[in-house]
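Only one structure is covered here, and it is reproduced in the block below.
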Amino acid sequence: MLPLRLQTPDRIVSPTMPTPSVTAQLRALLRRPGPALVLGAHDALSAKLAEEAGFDAVWASGFGISAVSALPDANVLTMSETLEAVRRMSDAVRIPVIADCDNGFGNAINVMRTVAEYERAGVAGICIEDNIFPKRCSFYAGVRRELVPTDEHARKIQAAKAVRSDPDFVVIARTEAFIAGWGTQEALKRARAYAEAGADAVLVHSKSSTFDELKDFTAAWDGTCPLVAVPTTYANITAADLAAAGFKLVIFANQACALQSRRCARPSSRLSRKAGRQRWMTASPRYPRSMNWSV
């Protein structure tokens, strides 16, 4: 059996040459030509795999962090519980980590504490959506969508910008207007208000199976604030197409978590069926002989 060797985490080793801070790296991604690709992660390992796969940044997915705790994406986990998961991701990688902070875990006062804590955790930026508290996941069926008033969310963005200690720390405002079924004009109104409030980027979320409503949005968008897309349901479009439409960040938010779940579920199901036909459960903790446990 080969010995298991674990590489020392990059963030623990002092680099011999100075490297840009993660906040400066994220700022550079927002300024550079072409789209920046961001992969969703739910723990330190998935964040590290995203980095090694060549993604520009990591999206610390609220859905994914809830999912690995076997909980719904509905503000069941507290800010502190979510923060601990995000901190481990930030410690594991050198690329920027963008934290999905749902609705900021409350009102503008809660947002101020959220920014302070997430900055201390080493993340490059946070995303705050105009969902109510507690939130309703964008993709849960049969749930009535409710959003906070536009001016209330704009005040959250202002609060987040006012309290940050690093001027490069990025605050992304997310609107769920399309998710709520309120149409292009409402999405534009909210995006413009959030940009005016100081958002460094605006994420326009959609659960449509096509890119049509977002295409209508970008055709009418007259702002200079960078746009962010999350192609979870309209997956038949390329990053180049999204960039051509005006999106600067492209976040593949939950694909890795979903793929991992499917890959775990299938062999577990097969193993369960096989275990039902064999007497593997004994008093001593012996492993199934068919499984190779060597490293």
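Nothing in this text is a laboratory measurement; each read-out follows from the coordinates by a stated rule. This structure is a prediction, so every number in the text was calculated from the model and none was measured. Cβ coordinates were reconstructed from backbone atoms using ideal geometry, including for glycine residues, and neighbour counts include every protein chain displayed.
Quick notes
- Averaged over residues, the count of other Cβ atoms within 10 Å places the peptides 97-105, 223-231 in the sequence 97-105, 223-231, highest first.
- Taking amide H atoms as placed 1.01 Å from N in the peptide plane, the amide H of LEU227 lies under 5 Å from those of VAL202, LYS248, LEU249, each 5 or more residues away in sequence or on another chain.
- Sorted peptide list for 146-152, 209-215, criterion being average Cβ within 10 angstrom, highest first: 209-215, 146-152
- Derived scalar couplings ³J(HN,Hα) [the range 58-66; Karplus, 6.51 cos²θ - 1.76 cosθ + 1.60; whole Hz; x for Gly, Pro]: 10, 9, 7, 6, x, 4, x, 5, 5
- Extension gain for ARG144-GLU81 works out to 20.0 nm (0.36 nm per residue, less the C-alpha to C-alpha distance).
- Phi-derived couplings, Karplus 6.51 cos²θ - 1.76 cosθ + 1.60 at θ = phi - 60°, listed residue by residue for the range 144-158: 6, 8, 10, 10, 6, x, 4, 5, 5, 5, 4, 5, 4, 5, 4 Hz, with x used for Gly and Pro.
- Per-q log10 I(q)/I(0), the range 31-259, q = 0.15 Å⁻¹ (Debye; single scatterer per alpha-carbon; no solvent): -0.95
- Two-site label geometry, ALA70 and GLN255: point separation in nm, points 7 Å out along Cα→Cβ: 2.9 nm
- Relative contact order computed over the range 31-259 (Cα-Cα under 8 Å; 6+ residues apart), in percent: 21 percent
- Over the Cα atoms of the range 143-225, the radius of gyration divided by the Kirkwood radius equals 0.99; this is the Rg/Rh ratio.
- Share, in percent, of DSSP beta bridges within the range 31-259 that are antiparallel, nearest 5: 5 percent
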